[in-house]
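Taken together, the values in this text are just the output of simple stated rules run on the coordinates, not laboratory data. The structure displayed is predicted, hence computed values, not measured ones. Methodologically, a virtual Cβ is constructed for each residue, glycine included, from the backbone with ideal geometry; neighbour enumeration extends over all protein chains shown.
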């Protein structure tokens, strides 16, 4: 995998502050991966994110985007090639949804037809029917719809990299889940590199290919969700991720890892089923609801792909698992 | 009333002069206040000194300012314009600064993050969103200029003040009444007209209703 973003010993000290906000961070983000910067407030994760599109200039260290030092490029030009999504969305209230989305294409001087096609394509992509939403004003949108427009606007110039700063932080849990799914779909489909800042551990475990845990301006540990839970490098990582909670581990393991082939076990529960790619955490709640009876895993068409039993889940939670299996994370993500 | 009927062409001419003086004042005042306000919005340390200076100018009584200017620029419209423009600066500059300051910081951050240059950001985002507050300043400046401009007659700059001063010296009540009504009508008309524009601008800038402090005193 080529490196999309390379941070090399990045330090940022704000004027008048004794302690650096970012204190010597080195990190490589691979092209096409979704890397979550996870940390408590004040851990420096947002500051670090902003060094990449030069909204913050590092005190020292080097930031490369696609192999080029960002300091060698004018900030405005650099930013047009990097999507940027923030928690407050920041839609332009005096412009329609379509014009908001068209911001970067207009700066890039695309012709009208190409812009219109792109806007419609993107609104469709983020789940907003263009005919219904094109002419709306930001005030006529719900929080979730506004952030969908925010994501469409960030993708408008087709940037290979997307920086997202707590993008779902102001949304309710249901909307957050729906937007996370939409984001994962887009990221997969177009192979975008996404750097995602959040303090939401559950969300991080759910969407991340890798998680970089930050504390007091430094990186504590960078690894896949399963590996972080299995072997937290520091006590802080362990407690932040709640690594002692076995359900937390189950949340990052897809049900396929313990699934038995269908048609073997008798007594499969008639109503309780799990979708493909569901997490073992969901499997546990399904098994609780089924009263312990085995539960079928079904595909989108309702055809059985396998069954899950208490025994098999329990075996997966025994003290030692092969670490290699933890890291591989095969199959689709859990939900 | 009979005065107005007999001399309507003279009154109309004075109204024209008055309007011309007022609008010229506003044009020059805006040409100065917009860049000044923009500078103060960007360079915070300049705010205190510049707004303080404009505040001092604002407190000089208008007749005194006219008198002070006579030795420099003489009698006539030049002196009147300078004084009237000076009075407008405080409210105009202050409202430009407040308007630009009031733009939602997340909107600015999004604009920067997407690679809008500084001028494009000003033209496409900041100016439209600051417009309602700037217009509120224009309304106040225009109404007060219409009022103060009557005193310009005292230094031979014409306008409806001519009628008022003549009325005073000649003890001619009809002239005073006609002059006063005409000035009031202009001021009220300007207030209503710019108030309408303000509401349009608020609707444009995101459909919010104006905050209380920006509503017109009715």
Q) In vacuo Debye scattering of segment A:149-248, one point per C-alpha: log10 I(q)/I(0) at q = 0.16, 0.21, 0.24 Å⁻¹? A) -0.74, -1.15, -1.34
Q) By average Cβ neighbour count within 10 Å, what is the ranking of A:5-12, B:157-164, B:127-134 from highest down? A) B:157-164, B:127-134, A:5-12
Q. For segment A:236-297, what is one quarter of the convex hull surface built on the Cα atoms, given in nm²?
A. 4.6
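Nearest 5 percent is fine: what portion of the DSSP beta bridges confined to segment A:150-262 is antiparallel? All intermediate terms of the calculation are to be shown ahead of the outcome.
Values: 5 of 10 bridges.
So the antiparallel bridges amount to about 50 percent of the total.
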Q. With contacts defined as alpha carbon pairs under 8 Å and 6 or more residues apart, what's the relative contact order of segment A:96-171 in percent?
A. 42
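Rounded, prolate or oblate: which fits segment B:4-112, taking a ≥ b ≥ c as square roots of the Cα gyration tensor eigenvalues, rounded meaning a/c under 1.5, else prolate when a/b beats b/c? The partial results should precede the final answer.
On the way: a/c = 3.51, a/b = 1.81, b/c = 1.94.
It is oblate, given that a/c is not under 1.5 and a/b is not larger than b/c.
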Q. What ranking do A:36, B:138 get, fewest neighbouring Cβ atoms within 10 angstrom at the top?
A. B:138, A:36
Q) Rounded, prolate or oblate: which fits segment B:137-190 when a ≥ b ≥ c are the square roots of the eigenvalues of the alpha-carbon gyration tensor, with rounded for a/c under 1.5 and prolate only if a/b beats b/c? A) oblate
Q: Would you please state the base-10 log of I(q)/I(0) at q = 0.05, 0.06, 0.10, 0.13 1/Å for the protein assembly as shown, with intensities from the Debye formula using one equal scatterer on every alpha carbon?
A: -0.35, -0.47, -0.91, -1.24
Q) Which percent, to the nearest 5, of DSSP beta bridges fully inside segment A:45-201 are antiparallel? A) 15
Q | A:231, A:279 arranged by Cβ crowding within 10 Å, fewest neighbours leading | A | A:231, A:279
Q. Once every DSSP H run of n ≥ 4 in chain A is given -39500 (n - 2.57) and the sum is divided by its residues, what mean residue ellipticity at 222 nm do you get, rounded to the nearest 500 deg cm²/dmol?
A. -9500 deg cm²/dmol
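Per residue of chain B, what 222 nm ellipticity follows from adding -39500 (n - 2.57) for every DSSP H run with n ≥ 4, rounded to the nearest 500?
On the way: 10 runs with 167 residues, N = 218.
Theoretical 222 nm ellipticity from helices: -25500 deg cm²/dmol.
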Q. Using a ≥ b ≥ c from the Cα gyration tensor of segment B:102-164 (square roots of the eigenvalues), is it rounded, prolate or oblate, where a/c under 1.5 gives rounded and otherwise the larger of a/b and b/c decides, a/b for prolate?
A. prolate
**Q.** Tail beyond 16 Å, pair distance distribution of segment A:115-188 (Cα, percent)
**A.** 47
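Neighbouring Cβ atoms within 10 Å as the yardstick, rank B:58, A:84 fewest first. Let's see the in-between values first.
Working: B:58 14, A:84 28.
Listed from fewest to most nearby Cβ atoms, that is B:58, A:84.
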(Q) Compute the distance from the alpha-carbon center of segment A:221-264 to that of segment A:77-122, in whole Å. (A) 38
Q: State log₁₀ I(q)/I(0) for segment A:8-89 at q = 0.19, 0.26 Å⁻¹ as given by the Debye formula over alpha-carbon point scatterers of equal weight, solvent excluded.
A: -0.92, -1.54
Q. Once you average over the residues of B:113-124, how many Cβ atoms of partner chains fall within 10 Å of each Cβ?
A. 6
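Over chain A, what is the relative contact order in whole percent, taking alpha-carbon pairs under 8 Å and six or more residues apart?
On the way: 640 pairs, mean separation 58.2, N = 335.
In percent, rounded to a whole number, it is 17.
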Q) Hey, how much of the P(r) for segment A:1-150 falls beyond 25 Å, as a percent of Cα pairs? A) 42
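Using the Kirkwood radius over C-alpha pairs as Rh, can you work out the diffusion coefficient of chain B via Stokes-Einstein at 25 °C, viscosity 0.890 mPa s, in µm² per second?
On the way: Rh = 18.9 Å.
For the chosen part, D equals 130 µm²/s.
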Q. So what's segment B:108-215 giving for Rg/Rh, alpha carbon basis, Kirkwood Rh from the mean inverse pair distance?
A. 1.23
